[in-house]
1. Net charge around G72, counting only other residues with Cβ within less than 11 Å of its Cβ (Lys, Arg = +1; Asp, Glu = -1)?
2. Give the cross-link partners of K139 among the lysines, using a straight C-alpha distance below 24 Å as the criterion and excluding same-chain residues fewer than 8 apart.
3. Name the helices (complete DSSP H segments) of the chain with a Cα length along the long axis of 18 Å or more and a Kyte-Doolittle mean of at least -1.0, or state none.
4. Only four residue types carry charge here, +1 at the Cβ of Lys and Arg and -1 at the Cβ of Asp and Glu. Report the dipole size of region 50-171 about the Cα centre in Debye, rounded to the nearest 20.
5. Say the dipole of the chain comes from +1 at the beta carbon of Lys and Arg and -1 at that of Asp and Glu; which of A98, L78, Y31 then lies farthest toward its positive end?
6. Taking the alpha carbon gyration tensor of region 50-171, what are the square roots of 5 times its eigenvalues, largest first, to the nearest whole Å?
7. Dipole of region 1-47, Cα-centred, from +1 at each Lys and Arg C-beta and -1 at each Asp and Glu C-beta, to the nearest 20 debye?
8. Hey, what D do you get for region 117-176 in µm²/s if you plug the Kirkwood alpha-carbon radius into Stokes-Einstein at 10 °C and 1.306 mPa s?
Amino acid sequence: MNKKLFIFSILVLVTYASYKATFYLLPNFIYHRFYTKSLEVPDREENKFFMLLSPDENARAVVKPNPDFSYGVAFYNLEQGALRISGSIPDSTYWSIAFYSPNTINYFVKNDQEFDSNTFEIILDDENCQQSTLPSPTKKGFILVRYLCKNQSPSEIEIASKHLNSLQIEAYSCIE
């Protein structure tokens, strides 16, 4: 009986450890690899958007990108304080912005239909700033902006580029 209880206890312990590794450690490891590899590319840095205009099957700045979309990607870091994220929103095609924590959990998403104007401004902070419009659950994470380009025509890509180039991340001073 004691041997069966011991084996059962070991099995429960191994199962629990596997669960923790899969759901807590693995996503953070994947994020760290993605973060490190992405920022090794020249002209890419934290708190700055980079673009992926016409992804193909070899593009890896976004994991498994949809070729119908152009992307703006940024890794944010709130260790120096709040950030102001702003840009223009197209009026003739689908557009969305999503925020992810390092464990790859999406904690905010909003599309073009949910904004009241053709521009947006989000104040991102980790709950220390009263003016924050979006509290971040973590100090670091990433932002993904998707812009639909149905035909991938040069004119569509040019318009997508204009909107994605309007994306800005700036330090924001909170007034307490």
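Laboratory data are not the source of any read-out in this text; all were calculated from the coordinates shown. The structure presented is a predicted model; accordingly, all values stated were derived computationally and were not measured. Please note: Cβ atoms are built from the backbone with ideal geometry, for glycine as well, and neighbour counts cover all protein chains shown.
1. Working: positive: K48, R146; negative: none.
Here the charged neighbours net out to +2.
2. K20, K37, K48, K110
3. Working: long enough: 2-20 (27 Å, 0.85); 26-39 (20 Å, -0.22).
Membrane-span-like by this criterion, though nothing is claimed about a membrane: 2-20, 26-39.
4. Values: 9 positive and 15 negative charges, 60 e Å.
In total the dipole reaches around 280 debye.
5. Towards the positive end, the residue furthest out is Y31.
6. Details: eigenvalues 127, 54, 26 Å².
Sorted largest first and rounded, they come to 25, 16, 11 Å.
7. 560
8. Values: Rh = 14.0 Å.
The diffusion coefficient I find is 114 µm²/s.
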